[in-house]
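Heads up: the structure comes next, in structure tokens.
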Amino acid sequence: MRKFLVILDDSRECLNAMRFAAMRAANTGGGVEVLSIIPPDEFNHWIGVGEVMRAETRERIEVHFEVFAKWMRDKQGVDPELVIREGVPVKEIMAQIAEDPDVGVLVLGAATGKKGPGPLISALTKQAGELPIPMTIVPGEMSKERLQAIT
């Protein structure tokens with residue numbers, strides 16, 4: 001089964017990427033794999049403190065994921081899977097794509113505003129020629145209705 005890989009983070013544009021991935025998966029008989037990446041610099045503390053922070057971060061990610069997962073299951077009939085990785089975001093995205101042969105499309109949400117589409121999109125578009133799968137960039141301002149129409 002082809003999976004849509006979507007990145008879960010704290011950005012506003014993440015919501016449209018999640019919606020797009022779930023709608024496309026529902027309409028094409030695919031699946032959704034949600035990837036959350038914990039940057040390596042978040043735990044540069046004492047070992048005990050770092051482990052507690054790591055556990056709290058994972059718990060926060062799982063709670064955040066469950067909100068999206070419930071919507072995907074209830075509204076789209078898609079049961080997403082969560083993958084949590086630690087490391088440099090672009091490297092971890094590339095590693096996840098390489099390790100999971102079922103991933104067929106990378107879905108990213110584009111930020112709005114003058115700062116550009118966001119650091120992930122900026123970094124990944126520079127490597128777009130090396131990606132083994134297509135990348136779909138979903139505008140952050142796109143309405144639910146428009147997303148539904150194009151998926």
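What follows is calculated from the coordinates using simple rules that are stated; it is not laboratory data. Here the structure is a predicted model, which means the values were calculated and not measured. Ideal geometry is used to build each Cβ from the backbone, glycine not excepted, and the neighbour counts take in all protein chains shown.
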Among Met142, Met1, rank each residue by its count of other Cβ atoms within 10 Å, from fewest to most, as a rough exposure measure.
Met1, Met142
Given the chain, what count of lysine pairs have C-alpha atoms under 22 Å apart, with each pair 8 or more places apart or on different chains?
9
Mind sorting Ile121, Ile7 by how few other Cβ atoms lie within 10 Å of their own Cβ, fewest first?
Ile121, Ile7
For a footprinting-style exposure proxy, rank Ser143, Ser11, Ser36, Ser122 by other Cβ within 10 Å, fewest first.
Ser143, Ser122, Ser11, Ser36
Projected area averaged over all directions for the convex hull of the alpha carbon atoms of the range 3-150, nm², comes out at 9.2 nm²
Mean ellipticity per residue at 222 nm, deg cm²/dmol - from DSSP H runs of n ≥ 4 across the chain, formula -39500 (n - 2.57)
-14000 deg cm²/dmol
Using the Kyte-Doolittle scale, which helices in the chain average at least -0.5 and also have C-alpha atoms spread 30 Å or more along the helix axis, with helices defined as whole DSSP H runs?
47-71
Using a simple charge model, +1 on the beta-carbon of Lys and Arg, -1 on the beta-carbon of Asp and Glu, nothing else, what dipole does the chain show about its Cα centre, in debye to the nearest 20?
660 debye
